[in-house]
Amino acid sequence: MNTLQDQLSRITSDPAICHGKPVIRGLRYPVEMLLDLLSSGMTSDEILADYPDLERADLHAALAYAAQLSRVQRVERLVA
């Protein structure tokens, strides 16, 4: 099994690729898009069939990246 650092090393960011958004392995597959596909109900197998450049580990890396971003120290309620 890959470590978290191994997974996250698949996520890259380059101002010349997708406006600097986090992407998979320097390819033009934004992490955001993969998360959208997964959250829409597509299976990993369906995504991999539609995007042959991707690997299953890339999808795991996108999920690990999202998990890292969701970790917060404190949540404060905004008053409207």
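Here, each number is a calculation from the coordinates, and none is a lab measurement. All values derive from a computational prediction rather than experimental measurement. So basically every Cβ, Gly included, is an ideal-geometry build from the backbone, and we count neighbours across all protein chains shown.
The residues of the range 28-59 that are over 11 Å from ILE11 (Cβ atoms), of a type outside the set (D, E, K, R) and in contact (Cβ under 8 Å) with a residue 12 or more places away in the chain, listed by number, are LEU35, LEU38, SER44, ILE47, TYR51, LEU54, ALA57, LEU59. Taken over the range 9-20, the criterion of being surrounded by fewer than 15 Cβ atoms within 10 Å (Cβ to Cβ) and outside any strand (DSSP E or B) is satisfied by SER9, SER13, PRO15, ALA16, HIS19, GLY20.
Residue under question is GLU46, and the condition is that it be in a helix (DSSP H, G or I) and under 21 Å from LEU69 (Cα atoms); does it hold?
Spelling it out, it is not the case that GLU46 is in a helix (DSSP H, G or I) and under 21 Å from LEU69 (Cα atoms).
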